[in-house]
Amino acid sequence: MPFLHADGLALLLMALTTLVVGASALHGARYLRESEAPRRRSGLLWPLLVLLWAALCSLFASGHLVVQYLALEVTALCAVALMLLPGSRASREAGRRYLLCTLSGSLLVLPAVVWLASRQADLSLAALAEVDVAPWWLALVTAGLLIKMAAFPLHGWLPPAHGAAWVSVSTVHAALVIKAAFFMAVSLWTTLAPEAASGAQLLGWLGAAAILWGSLLAWRQTELKSVVAYSTVAQVGYLLLLFPLLFGTDDEVATLAWQSTWLLVISHALAKAAMFMAVGSLVLAMGRGDLQGLSGVGQRLPLSLLVFGLAAVSLLGLPPSGGFTAKWMLLHAAILAHQWQWVLVVGIGTLLGAAYVFRVFRYCFIVPEDEQAMRVPPVSLDIIALLLALAAMGLGLAAAPVVALMGDAP
């Protein structure tokens, strides 16, 4: 059927979506009781998560441009509704900003899709592979999708949104929602622009800027959730490095870049979900979200801090995590392509990532002058996060069958 494109990669992403959404729902059920969230609003979390799951799976399994676009819009609207659930002034402002940004992206993508539909009756990906599109069309669609995936320099809506949202919402958004726009961008580029090497290099440089800028801003933050949010901006940059290594290179380089990027997507989703959950436990225990309030948690909340550390290991790309295997393959692809600039960017980005992660740990092990009141969150919250963090770590040891399912570059 032209509407379905359930290859190995699609099945992997659907399984990832099911795992992360399910874990977020379980975590959210207990976390919201502990945080005394409004009962009426918290009841809306689970139907919205189910709708989000259905939209994401439809996108990943779709072989049709219109279905992908509609699924992406439903995903964005669900994400906006989820961000508005806390009902606070900050969440309302962040939700409105995200809504305006995602609608701005839609206003770029929708006219391009309508224009293409007026000239091409069959909008299945198989049929579009035979269509030549003008550079302006590709630029318009790409710009809209870059807004939706919070790519540099169109990322301004992301940190406030994560800072004001409930933990379970930040989890699914960072792990899955921004990946949906990236998936659609890759799908369109591989189908309609297999020779767009110059544009791919531009996207690579945007990714490099995102890695450096996002990491620097993460290092400067004073709020814990803001540190994690800006690290997401940097991680999106690593994904954009796929484009210069996929287009205009030989088959070996393209396949390495393809497999490493999707392995990075899966590893990042698991690790970032675990990290946000760990941050939620730390904030719940401290009763505040600033880094200064972390004093003493190293001794009193070792499990939450362990989860944060394991997630950070994968995000930084340290062995034996899935992030390490993915970055190693990405570097291998860059070296084979003689695109040494990406090797340098990944190296600097890793060092900057280590800087903001260890800055968080430094605050955690400061001995407070005065004993601070601190509640211990239920261990079940940390167990859910720990399982996700261990999955991200184990992915590096079991990468071979996962990579095999992804197949070669299209």
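The values are calculated or read from the model by the stated rules, or taken from the named source; none is laboratory data. From a predicted model like this one, the values you see are computed outputs, not experimental measurements. Every residue, glycine among them, receives a Cβ derived from its backbone with ideal geometry; neighbour counts consider all protein chains shown. Each accessible area value is taken on the protein alone, full model and side chains, heavy atoms only, with ligands, DNA and RNA left out. Shrake-Rupley method; radii C 1.70, N 1.55, O 1.52, S 1.80 Å.
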Any chance you could look up the accessible area of VAL283 with a 1.4 Å probe, heavy atoms only, rounded to 10 Å²? 40 Å²
Could you state the angle between the C-alpha long axis of helix 302-316 and the longest principal axis of the C-alpha atoms of the chain, as a value from 0 to 90 degrees rounded to the nearest 10? 20 degrees
Taking square-rooted eigenvalues a ≥ b ≥ c of the alpha carbon gyration tensor, is segment 50-123 rounded, prolate or oblate, where a/c under 1.5 means rounded and, failing that, a/b exceeding b/c means prolate? oblate
At 20 °C in a medium of viscosity 1.002 mPa s, the chain has a Stokes-Einstein diffusion coefficient, with Rh taken as the Kirkwood radius over alpha carbon pairs, in µm² per second, of 101 µm²/s
Gaussian network model of the chain, Cα springs within a sub-10 Å range: biggest mean-square fluctuation belongs to which of ALA333, ALA139, ALA165? ALA139
Sequence-separation-based contact order of segment 1-194, relative, with Cα cut under 8 Å and 6+ spacing, percent: 27 percent
Could you state the number of Å between the C-alpha centres of segment 85-153 and segment 157-183? 17 Å
Rel. contact order, % - alpha carbon contacts under 8 angstrom, at least six apart, the chain: 17 percent
Using each residue's phi in segment 323-339, evaluate 6.51 cos²θ - 1.76 cosθ + 1.60 at θ = phi - 60° and report the 3J(HN,Hα) Karplus result to the nearest Hz, with x for Gly and Pro. x, 5, 4, 5, 5, 4, 5, 5, 5, 4, 4, 5, 5, 4, 7, 6, 9
Explain nothing, just the number: relative contact order of segment 217-410, from Cα pairs under 8 Å at least 6 residues apart, as a whole percent. 34 percent
How large is ³J(HN,Hα) for each residue in segment 400-410, as worked out from phi by the Karplus curve 6.51 cos²θ - 1.76 cosθ + 1.60 (θ = phi - 60°), to whole Hz, x for Gly and Pro? 4, x, 5, 5, 4, 5, 5, x, 7, 5, x
Please list PHE365, PHE324 from largest to smallest accessible area, probe radius 1.4 Å, with all protein chains kept in place. PHE365, PHE324
Relative to the Cα centre, what is the charge dipole magnitude of the chain, using +1 at the beta carbon of each Lys and Arg, -1 at the beta carbon of each Asp and Glu, and rounding to the nearest 20 debye? 1340 debye
So the angle from the long Cα axis of helix 65-84 to the longest Cα principal axis of the chain, reported in degrees to the nearest 10, equals 20 degrees
Over segment 274-410, with the other protein chains present, what is the accessible area per residue in square angstrom, probe 1.4 angstrom? 43 Å²
Carbon and sulfur together cover what percent of the accessible area of segment 29-157 at a 1.4 Å probe radius? 65 percent
Globularity index of segment 138-224, i.e. its alpha-carbon radius of gyration over 2.2 N^0.38 Å: 1.19
Degrees, to the nearest 10: 379-397 long Cα axis against longest axis of the chain: 40 degrees
Residues whose built amide H sits under 5 Å from the amide H of SER62, excluding neighbours closer than 5 in sequence, are HIS5
Which value results when the Cα radius of gyration for segment 1-194 is divided by 2.2 N^0.38 Å? 1.05
Quick one: how many Å² of ARG300 are accessible to a 1.4 Å probe, rounded to 10? 100 Å²
Leaving out ligands and nucleic acids, note down the accessible area per residue over segment 1-155 with a 1.4 angstrom probe, in whole Å². 46 Å²
Just to check I understand the Karplus step: with θ = phi - 60° and J = 6.51 cos²θ - 1.76 cosθ + 1.60, what whole-Hz values come out for segment 133-140, glycine and proline as x? 10, 6, x, 5, 5, 5, 5, 5
For TRP136 the rounded accessible area (nearest 10 Å², probe 1.4 Å, non-protein molecules ignored) is 130 Å²
Carbon and sulfur %, accessible surface of segment 217-410 computed with the full protein complex present, 1.4 Å: 67 percent
